[in-house]
């Protein structure tokens with residue numbers, strides 16, 4: 001599916017994967033996240049194949065499926081992920097308020113708009129201590145203010161020595177030092 | 001353990017909000033059992049004779065009815081994908097799912113079993129045997145149903161496939177459970193059958209959650 005993909009990501013770096021629809025962005029992300037196996041080649045984490053390293057414990061993956069259960073409220077959703085990630089229970093209300101969801105904490109997510117559901121899904125980024133974020137189209141359905149907010153969060157994460165891999169069709173509005181761009185071409 | 005509690009609480013919240021998920025199988029069970037006396041007519045002896053088989057077939061069909069939903073939503077919404085990618089302790093998630101599915105689909109069957117006994121003209125000894133076999137057998141039903149649900153997760157119309165896959169595995173359970181109730185209604189000892197049921201349950205408890213885990217990972221990958 002892919003040909004001559006070679007990339008390296010250091011701490012503090014952001015990698016943006018671009019390309020037309022069907023170019024294989026999401027498939028590449030799934031391989032990088034360890035959800036799919038490459039036919040050839042390898043994915044390394046700190047010079048170790050990802051299967052033999054502590055890679056999964058350092059990974060926060062949010063795919064194009066939001067992971068938000070429509071019947072649960074935003075707060076219940078966060079509660080589950082906090083416990084699942086083994087984090088100290090942070091103040092869910094505060095995180096949701098940061099994301100502009102104040103007052104919507106306890107209504108089922110199915111009643112929220114697509115953009116608000118996306119915000120609930122991305123709220124995990126405010127709770128996780130994990131180093132590598134792999135995000136598939138994180139800006140989908142978000143409004144301008146949320147996109148700015150998310151990019152500020154990216155900057156904060158990168159400055160703490162984290163790394164981010166993301167796919168997006170929108171150009172990033174904020175400047176990230178040492179950002180890399182990988183453009184996938186669609187070929188028959 | 002944290003994961004177990006979180007997944008368990010989450011599952012109960014979902015069950016509380018999607019009552020159809022556990023009420024429908026229960027209604028199905030009751031309706032099937034009501035149809036038999038109506039269909040067979042006023043033959044109480046015949047009814048009591050075939051009652052063990054009827055109860056068990058209705059029970060395993062109703063568990064099967066509730067099985068498909070078990071992992072489907074989490075798969076569709078991407079929850080499973082995120083759990084697998086982050087290498088969360090998924091075994092606890094699987095256990096929480098199976099235990100809450102037993103509580104929601106099988107426990108109500110145990111609770112209404114006295115009513116069923118009355119409906120089918122079973123006496124107290126036979127009812128006790130029905131209760132005991134259901135107690136030992138339904139967890140096994142739920143375990144195997146969870147395995148089927150996990151295996152058919154990414155199949156589009158998984159429901160029929162699930163039934164075809166899992167129903168044959170229920171045969172030994174059906175044989176021993178109805179034999180136990182038969183013996184009980186004849187006043188014979190049925191501890192042997194109960195012991196076989198317990199052994200099957202122990203084996204499934206040890207192996208099935210691991211198999212479910214593997215199947216989930218295969219489907220996500």
Final fewest-first order of B:123, B:156 on the 10 Å Cβ neighbour count is B:156, B:123
Taking every residue of A:24-33, the Cβ atoms of other protein chains inside 10 Å of its Cβ average out to 1
With Cα coordinates, the longest principal axis of chain A makes an angle with the long axis of helix A:74-84, in degrees rounded to 10, of 50 degrees
Exposure-ranked with fewest Cβ neighbours within 10 Å first, B:190, A:186 stand as A:186, B:190
With Cα springs under 10 Å, the Gaussian network model of chain B assigns the largest mean-square fluctuation among B:53, B:148, B:41 to B:41
To the nearest 10 degrees, the tilt of helix B:44-67 (Cα long axis) against the first principal axis of the alpha carbons of chain B is 10 degrees
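Fully extended, how many nm does the chain gain between residue A:71 and residue A:26 (0.36 nm per residue separation, minus their Cα-Cα distance)?
13.5 nm is the gain from fully extending residue A:71 to residue A:26.
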Taking the protein assembly as shown and counting helices only, DSSP H stretches of n ≥ 4 at -39,500 (n - 2.57) each over all residues, the nearest-500 ellipticity at 222 nm comes to -18500 deg cm²/dmol
Each residue of B:44-55 has, on average, a number of other protein chain C-beta atoms within 10 Å of its C-beta equal to 0
Simple SL model, points at 7 angstrom along Cα→Cβ for residue A:11 and residue A:178; separation in nm is 1.0 nm
Rounded to one decimal in nm, the spacing of the 7 Å Cα→Cβ label points at residue B:50 and residue A:2 is 6.1 nm
Going fewest to most other Cβ atoms within 10 Å around each Cβ, B:115, B:95, B:61 line up as B:115, B:61, B:95
If one builds a Gaussian network model of chain A from Cα atoms under 10 Å apart, the most fluctuating residue listed among A:19, A:67, A:103 is A:103
Quick calc: nm separation of the 7 Å Cα→Cβ label points for residue A:94 and residue A:152 -> 1.6 nm
If one compares the long axis through the Cα atoms of helix B:191-220 with the longest principal axis of the Cα atoms of chain B, the angle in degrees, nearest 10, works out at 30 degrees
Output row, site residue B:191, 7 Å Cα→C-beta label point, backbone N cut-off 20 Å, window segment B:106-136, residues B:125-136
Shielding of B:7-14 by other chains, given as the mean Cβ count within 10 Å, works out to 4
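Quick one, what does Rg over Rh come out to for segment A:14-184 if you take C-alpha atoms and the Kirkwood Rh? Working shown, then result.
On the way: Rg = 16.1 Å, Rh = 16.8 Å.
When Rh is taken as the Kirkwood radius, the ratio is 0.96.
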GNM of chain B, Cα pairs under 10 angstrom: of B:192, B:39, B:78, the biggest fluctuation goes to B:39
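None of the figures in this text is laboratory data; all of them are computed from the coordinates on show. None of the values given here were measured: they were computed from a predicted structure. Cβ atoms come from the backbone with ideal geometry, glycine included; neighbour counts cover every protein chain shown.
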